[in-house]
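Q: The structure that follows is given in the form of structure tokens.
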Amino acid sequence: MIPLRLKVDPLPADAPIVTRLRSSAPADVDPLDAVFLGMDGTVAEFDLAGFPLRLHNAPIESVENDVLLILPRQGTAHRLIRASSPHNTLLVTERCDQLCLMCSQPPKRHHSDMFPYFREAVRLAPKNAYVGLSGGEPTLFKEELFLFLRDMVDARPDIRFHVLTNGQHFEDADIEELASIPHDRVLWGIPLYSHEPARHDEIVVKAGAFSRLMQSFAILARAGSAVELRTVVMKPNAPDLAPLARLVTLQLPFITVWALMQLENIGFGRKNWNELFFDNSLPHAFDPIADALNFVRAKGVDALLYNFPHCTVPEDFRCLAPRTISDWKQRYLDTCGNCNAREACCGFFEWYPDERGFTGVRPL
Ligand code: SF4
């Protein structure tokens with residue numbers, strides 16, 4: 001697994017520091033840059049505004065241009081932006097007002113405002129980066145989020161954002177603000193699990209969530225926002241896919257894409273795995289997914305499969321299953337060794353349970 005934290009010698013600082021690692025004295029050096037001095041055994045040494053920054057077991061080639069957050073007197077640095085990766089996500093908060101049965105990052109009470117550091121990180125990010133914002137629920141801090149997006153969209157015209165939100169907090173008063181954010185710069189990823197309000201509410205463990213979500217969709221539609229609708233396919237909602245597909249085409253035709261997703265075995269998803277995991281590789285199990293994909297695509301709505309290994313998907317639908325698992329938490333199984341589909345296939349989450357997963361994994 002690619003490490004998202006690096007070991008550093010603690011810095012004598014009173015406040016968190018954001019810095020970008022540079023390999024040598026570049027012409028465009030930024031005041032926040034740490035410039036590589038050389039290796040001391042396995043320790044990479046950098047000059048950070050006159051202070052020595054010592055990074056353990058991290059060759060310069062693997063961290064060059066990464067943006068780090070270093071907390072005072074701590075021995076680890078957080079890799080906010082990995083320059084060589086297309087998968088960079090900033091965690092806005094760990095608070096949330098839902099308790100989704102499959103949540104990969106169960107909520108916590110504690111919250112620290114990270115936006116000041118995220119601003120610096122995005123300012124220093126590589127050209128054309130695609131930056132995710134997630135939680136917890138980022139819109140619990142909606143004013144700060146809007147301000148961040150507005151400022152960053154202006155400051156870095158090359159960068160695009162994906163915001164993962166439960167869609168419970170958009171209001172009519174937000175329409176002007178939402179409309180001011182160019183729709184090709186921010187994609188709002190929003191989950192909807194069923195056409196049945198009660199089933200959606202049961203899955204997100206919040207009464208009234210479905211109805212509030214539909215209200216938010218109307219607001220986002222009026223604002224012209226780009227929406228990626230997300231549905232994790234699980235045992236409780238797999239039978240709902242056909243009517244959900246009809247709801248998508250009738251009530252949400254403005255969405256950019258509908259993503260049908262496989263379950264991640266971590267957080268609440270691990271705790272509830274046996275009750276939730278839907279093995280689409282079993283005979284005929286893919287049928288409701290295929291019907292839903294065919295239905296919405298025939299009506300002009302784009303649809304994709306996220307986190308579906310290719311061998312678990314009928315051949316005709318593999319072109320809809322891109323490599324969606326973030327590089328730092330992705331792996332293949334021993335079975336995948338000689339598979340011809342490896343280049344195109346998303347593989348598995350690092351924490352995928354080999355013994356309790358798909359029955360139909362086989363090399364193609
Ligand atoms: S065998 Fe592995 S690499 Fe090949 S399609 Fe299946 S999961 Fe993907």
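The values are calculated or read from the model by the stated rules, or taken from the named source; none is laboratory data. Remember, it's a predicted structure, so these values are computed and weren't measured experimentally. Cβ sites come from the backbone with ideal geometry, for glycine too, and all protein chains shown count toward neighbours. The protein model used for the area step is the full one, side chains on, heavy atoms only, and it has no ligands, DNA or RNA in it. Shrake-Rupley method; radii C 1.70, N 1.55, O 1.52, S 1.80 Å.
Q: Select the strands (runs of 3 or more DSSP E) contained entirely in segment 1-101, then report the ones holding at least 1 residues which are over 30 Å from residue 265 (Cβ atoms).
A: In segment 1-101, 5-8, 17-22, 33-40, 43-48, 51-56, 67-70 are the strands (runs of 3 or more DSSP E) which contain 1 or more residues that are over 30 Å from residue 265 (Cβ atoms).
Q: I'd like to know if segment 184-202 contains one or more residues that are within 19 Å of residue 133 (Cα to Cα), surrounded by fewer than 16 Cβ atoms within 10 Å (Cβ to Cβ), assigned by TED's automatic domain parsing to the domain that holds residue 300 and touching a residue at least 24 places away in the same chain (Cβ under 8 Å).
A: yes
Q: Okay, moving on. Write out, first by first residue and then by second, each pair whose Cβ atoms fall under 6 Å of each other, whose residues are 6+ apart or on separate chains, and whose first residue, in segment 13-32, is under 19 Å from residue 127 (Cβ atoms) while the second is polar (S, T, N, Q).
A: That search, which allows pairs on different chains as well, returns 32/19.
Q: Okay, moving on. From the list 178, 187, pick out the single residue that is hydrophobic (A, V, I, L, M, F, W, C) and under 13 Å from the mean Cα position of the chain (by Cα).
A: After ruling out the rest, the residue left standing is 187.
Q: If you scan segment 101-114, which residues turn out to be farther than 16 Å from residue 71 by Cβ and among the hydrophobic types (A, V, I, L, M, F, W, C)?
A: The answer is 101, 102, 103.
Q: Okay, next question. When you check residue 51 against the structure, is it aromatic (Phe, Trp, Tyr), over 24 Å from residue 327 (Cα atoms), open to solvent by 20 Å² or more (accessible area, probe 1.4 Å) and in contact (Cβ under 8 Å) with a residue 40 or more places away in the chain, yes or no?
A: Spelling it out, residue 51 is indeed aromatic (Phe, Trp, Tyr), over 24 Å from residue 327 (Cα atoms), open to solvent by 20 Å² or more (accessible area, probe 1.4 Å) and in contact (Cβ under 8 Å) with a residue 40 or more places away in the chain.
Q: Oh, and also: Take the residues in segment 120-147 that are aromatic (Phe, Trp, Tyr) and over 15 Å from residue 89 (Cα atoms), then tell me which one is least open to solvent (accessible area, probe 1.4 Å).
A: It comes out as 146.
Q: Report, by residue number, each residue of segment 222-252 that is part of a helix (DSSP H, G or I), open to solvent by 10 Å² or more (accessible area, probe 1.4 Å) and either touching a strand residue (DSSP E or B) at 6+ places or on another chain (Cβ under 6 Å) or over 27 Å from residue 274 (Cβ atoms) (or both).
A: Passing the criteria: 222, 223, 246, 247, 249, 250, 251.
Q: Which residue out of 286, 278 is open to solvent by less than 70 Å² (accessible area, probe 1.4 Å), in contact with a Lys or Arg (Cβ under 8 Å, 6 or more places away or on another chain) and closer than 17 Å to residue 239 by Cα?
A: 278
Q: For segment 345-355, does any single residue satisfy the condition of being exposed (fewer than 15 other Cβ atoms within 10 Å of the Cβ) and within 30 Å of residue 213 (Cα to Cα)?
A: no
Q: Let me ask you something else. Any chance you could count how many residues in segment 11-45 are closer than 13 Å to residue 67 by Cβ and not polar (S, T, N, Q)?
A: So the count comes out to 10.
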